[in-house]
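**Q** I'd like to ask some things about the structure below.
Read-outs throughout are calculated quantities, based only on the coordinates presented, and are distinct from any laboratory measurement. Bear in mind the structure is a predicted one, so any value in this text is a computation, not a measurement. Every residue, glycine among them, receives a Cβ derived from its backbone with ideal geometry; neighbour counts consider all protein chains shown.
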Number of protein chains: 2
Amino acid sequence: MEPNGLSQEEISMRLEELNDACEVPWCVEGDYLKKQFAFKSFNAAFGFMTRVAIKAEKVDHHPEWTNVYGRVDVALTTHDADGLTEQDFSLAAFMDRISGL
Amino acid sequence: MEPNGLSQEEISMRLEELNDACEVPWCVEGDYLKKQFAFKSFNAAFGFMTRVAIKAEKVDHHPEWTNVYGRVDVALTTHDADGLTEQDFSLAAFMDRISGL
């Protein structure tokens with residue numbers, strides 16, 4: 001079963017909910033939900049990535065991400081839906097909860 | 001003490017040594033030593049990244065890298081030397097050794 005893509009209105013709602021709960025906002029660019037996480041060290045950045053990786057495997061939904069020392073640039077999308085789904089917003093909220101930022 | 005940048009000649013030599021020992025070659029682009037590692041799964045890709053991350057912390061030399069599912073794009077450089085050093089080639093060789101590819 002293919003996941004359901006969210007409508008523009010649903011995306012706006014989810015984005016507002018998400019950003020109410022964190023300091024650095026997520027933004028929607030095309031089919032992607034993006035955010036940059038800035039940690040104080042590589043150890044902290046990779047520790048965060050490791051927790052996210054384990055979660056990603058569990059829910060079978062994986063981020064696209066770039067890491068440079070303490071920085072982690074995350075881009076979420078659902079290729080099967082050609083856009084954003086609940087899975088993306090759920091993984092984003094998880095990242096915010098565990099980032100400690 | 002700042003690390004010593006390698007000369008163009010030394011870089012060519014090190015690159016040849018490195019690529020003699022692996023199937024997919026590294027390439028030098030500007031100040032970066034780059035390679036794409038293609039694993040069969042996210043689990044394999046992130047397992048590789050975790051081993052590299054631990055090594056990187058130990059030697060205090062960190063990759064710049066992007067991960068999309070089973071793919072890991074690595075870029076190595078030594079900012080303190082404005083170029084490539086032994087540290088980059090050493091970390092590259094480590095990645096090849098443990099990648100299992």
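**Q** Can you go through B:LEU84, B:LEU33, B:LEU76 and tell me which one is buried (at least 21 other Cβ atoms within 10 Å of the Cβ), within 14 Å of chain A (Cβ to nearest Cβ) and not small (Gly, Ala, Ser)?
**A** The match here is B:LEU76.
**Q** Let me ask another. Would you tally the residues in the range A:49-73 being aliphatic (A, V, I, L, M), under 25 Å from A:LEU6 (Cα atoms) and crowded, with 16+ Cβ neighbours inside 10 Å?
**A** Adding up the residues that qualify gives 3.
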